[in-house]
Amino acid sequence: MIMLAYAVRRLPYALRSCVAALQQVHVSLEEAAESIGATSCAPLRRVVVPLMAGGILAGFVTSFVTRR
């Protein structure tokens, strides 16, 4: 229960980093994947998530490293 409360308390730090990483991925990359016949989930899984991986990792590391 304590770990859940700690994770929820630190969630805004991780979310801020994930949103910043998502804003850096250009929409045309997703559109290009869809134009060559990818299904609706494939561009997200194969294009967007790998490009956001660094931001996601940084966000979760930062959220558990900070002391407040």
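The values are calculated or read from the model by the stated rules, or taken from the named source; none is laboratory data. In this text the structure is predicted, and so the values were computed from the model without any measurement. A quick note on method: Cβ atoms are made from the backbone with ideal geometry, for glycine too, and the neighbour counts reach across all protein chains shown. Surface areas here come from the heavy atoms of the whole protein model, side chains and all, with no ligands, DNA or RNA. Shrake-Rupley method; radii C 1.70, N 1.55, O 1.52, S 1.80 Å.
If I compute semi-axes √(5λ) of the Cα gyration tensor in Å from the structure I just sent, which labelled value in [x] 27, 12, 9; [y] 35, 12, 11; [z] 30, 12, 8 lines up?
[z]
Could you please state how large a percent of the accessible area of the chain is carbon and sulfur, counting protein chains only and using a 1.4 Å probe?
68 percent
Report the label-to-label distance for Ser35 and Val65 in nanometres (one decimal), using points 7 Å from each Cα along the Cα→Cβ vector.
Result for the modelled spin labels: 3.9 nm.
Return a whole-number percent for the relative contact order of the chain, with Cα pairs under 8 Å and 6 or more residues apart as the contact set.
Worked out over the chain, it gives 50 percent.
Please identify the DSSP H helices in the chain that span no less than 18 Å along the helix axis (Cα) and have a mean Kyte-Doolittle hydropathy of 0.5 or more.
2-24, 49-65
Extending each Cα 7 Å along its Cβ direction at Arg45 and Tyr6, get the distance between those two points in nm, one decimal.
3.3 nm
When ligands, DNA and RNA are left out and all protein chains stay put, how many square angstrom of accessible area per residue does the chain have with a 1.4 Å probe?
Numbers: 5330 Å² over 68 residues.
Here the residues of the chain average 78 Å² of exposed surface.
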